[in-house]
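Shown next, in structure tokens, is the structure this report addresses.
The values are calculated or read from the model by the stated rules, or taken from the named source; none is laboratory data. From a predicted model like this one, the values you see are computed outputs, not experimental measurements. Here Cβ is always computed from backbone atoms with ideal geometry, including for glycine, and neighbour counts include all displayed protein chains.
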Amino acid sequence: MKEYKRLLGYANPYLGSAVANAVFNILYAVFNVLSILIFIPTLGILFGTQPRVTEPPQFQGIGSIKNFIEQQLNYFITARAEQSDEVGALLAIVLLSGIIFLLKNTFRYLAAYALSFLRTGMVKDLQDHLYRKLLALPLSFSKQKRKGDLIARMTADVKEVEQSIINSFETLSREPFTILLVLASMLVLSWQLTLFVLLFFPVAGFIIARVGKTLKAQSLKAQQETGLLLSFFEETLGKLMVIKSFTAEPYFNQKFNRSTSNLREIMNRVIQRNAMASPLSEFLGVLVVLVVLWYGGSLVLKGDAALSPQEFMGYIGLFYTIINPVKFLTTVNYNLKKGRPALDRILEILDAKNTIVDPSSPQPFQFNREIEFQHLSFSYGESTVLEDFNLKVKKGETVAIVGTSGSGKSTLVQLLARLYDIQQGHLQIDGIDITAFSKADLRKHIAFVTQEAMLFNAPVIENIALGASNAKIETVKNAATDAHASSFIHTLEQGYETELGDDGNRLSGGQKQRISIARAFYKDAPILILDEATSALDTESEKEVQQALASIQKNRTTFIIAHRLSTVQNADRIVVIDKKKVAEIGTHSELLAKKGLYYNLIQMQTLSS
């Protein structure tokens, strides 16, 4: 139950709506019962068995409440009949019934109206919490999950929780009031007959519970398969060019069809079991009604019951009124089981441990002297990437990190920004461990330009001033000019307000990279990381981007990660990583003179080109 309690925690900001819903549901239940009871004297008039009461009845205590209500109604009808006739009394009862039904349905609408704020608010807050948590979790979490599966949890799973569980809360907030009031009325009319009826409910509940036992397992399989389907679809959209160029459409069609077929089979079982809930509960309810009709009717006909014919018909009406609330409550069991797997998948994200946390009392960031990697070690699972790594970088220095693919070059700079946390050793800035700074303060002083220019489907100005709530257009234009990007931005139809499309697909590779560099200029951070910033560009684009990179490196401490060794020759120092450690370090000319690893890498690239 603790999972459901956690979900109910999202209702706290909307307690006013919940209270209003409860009040309106109580009033709905009251008038729902009155809408049945009001027909008892009507039937008495039609049958000619309605006793006449000429004096106002006196309340004799809670034990005589049934007689008091009956006498009060009879007195009302007698007064109307004396003023006109029995037809006039019937008209008065009909008009009163109309008012009662109007109030009943008005309160039903108001209850649903109040609940809508609670329901939509809970869904919004749940999605907001999920999104914040996904942004806060380390990169390792999202890399271990499929994108489509995370999207499914944000959308399909939240929708399933809304439809199955939050809707069940609505049922639980309304139907018990109706059941209690109807049962109370039935007990007042005939407690013996009511006790007879109650014997059947546990039997019906047991049968329904047995049928719904496997629903939770099937629903979990459905949620998992939906996540796989969305992952596959998202991957297909992102790699259409490769699929088409390799004429792999039939293969991917077949793979997608297998996934949709699996999902169809699972959903068939879920839908079939869920569809059984309502007919089964209704059949069992009607079966009980028929038994009561036979048993109670035979007592009335034999004269053994304390019920008059019109009271017995009213009793049957009350009992039939209780069938739907009971049916809804039994389907709650199905819905909770159906929605539980989706809730578990959502809570898995919300409960995921964020291993990269801020210190309780963070120190203000400062960088005046040097960055130092001390005996640093790091692994991805069981795969060690860096081991006993040592390096000092002075402020204002440009350091190139080179090595074979998979040697840990990108990992090194990602550790500097605490995108991952080191497992052994220390990483210090001016002698202070980076874990002593808040993540936001540390990352505010580091700018990245990566191999893939990560642009968003937003205007140019928002892509350059990423994360700034009030971007100044002049500052953005200056950053674009410094990045050699202003010339092509002015050719766009709306200039800096032009939407760039998904992944900036309205721009060429070189243009996208210059927007990325303009973003780094706008941030104006003292530490700059260039991670394969030109490796994906053609020669002409690379020349333009290199000019922009040369400008941005001035007066900054720069780390350059590069495969193309021609782009690192002007670095103050070049660090060669081999076997998880610093193998060589020096200037371009010094390392060539050593004729070691760096020299061999240069020779290999020269031969390949």
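Residues checked against (1) among the aromatic types (Phe, Trp, Tyr); (2) touching a Cys at 6+ places or on another chain (Cβ under 9 Å); (3) modelled with pLDDT under 70:
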| position | (1), (2), (3) |
| --- | --- |
| 287 | no, no, no |
| 290 | no, no, no |
| 299 | no, no, yes |
| 305 | no, no, yes |
| 312 | yes, no, no |
| 317 | no, no, no |
| 321 | no, no, no |
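The helices (runs of 4 or more DSSP H) found entirely in the stretch 402-464 that carry 3 or more residues being more than 21 Å from residue 364 (Cβ to Cβ) and of a type outside the set (Phe, Trp, Tyr) are 409-416, 460-464. Contact annotation: residue pairs with Cβ atoms under 6 Å, 6 or more positions apart or on different chains, pairing a residue in the stretch 567-595 that is on the phi > 0 side of the Ramachandran plot with a partner that is in a strand (DSSP E or B), are 580/386; 580/387. Counting only helices (runs of 4 or more DSSP H) wholly contained in the stretch 487-605, the ones carrying 1 or more residues that are acidic (Asp, Glu) and either farther than 16 Å from residue 455 by Cα or touching a strand residue (DSSP E or B) at 6+ places or on another chain (Cβ under 9 Å) (or both) occupy 539-552, 588-594. Screening 486, 508, 516 for residues that are assigned by TED's automatic domain parsing to the domain that holds residue 543 and either within 30 Å of residue 415 (Cβ to Cβ) or surrounded by 23 or more Cβ atoms within 10 Å (Cβ to Cβ) (or both) leaves exactly one candidate, 516. Within the stretch 155-179, track down each residue that is surrounded by 15 or more Cβ atoms within 10 Å (Cβ to Cβ) and closer than 21 Å to residue 34 by Cβ. Matches in the stretch 155-179: 173, 174, 175, 177, 178, 179. Quick check, is residue 317 in contact (Cβ under 8 Å) with a residue 24 or more places away in the chain and surrounded by fewer than 19 Cβ atoms within 10 Å (Cβ to Cβ)? Answer is yes for this residue. Screening residue 471 with (1) modelled with pLDDT under 90; (2) closer than 23 Å to residue 532 by Cα; (3) touching a Phe, Trp or Tyr at 6+ places or on another chain (Cβ under 9 Å) gives one miss only, at (2).
Identify, from the list 469, 486, the residue that is closer than 14 Å to residue 548 by Cα and of a type outside the set (D, E, K, R). So the residue among 469, 486 that is closer than 14 Å to residue 548 by Cα and of a type outside the set (D, E, K, R) is 486.
Among all positions in the stretch 385-408, there is at least one residue which is among the β-branched types (Val, Ile, Thr), over 26 Å from residue 524 (Cα atoms) and touching a Lys or Arg at 6+ places or on another chain (Cβ under 7 Å).
Taken over the stretch 376-396, the criterion of being of a type outside the set (Phe, Trp, Tyr), touching a residue at least 24 places away in the same chain (Cβ under 8 Å) and either under 20 Å from residue 563 (Cα atoms) or in a strand (DSSP E or B) (or both) is satisfied by 376, 377, 379, 384, 385, 386, 387, 388, 390, 391, 393, 394.
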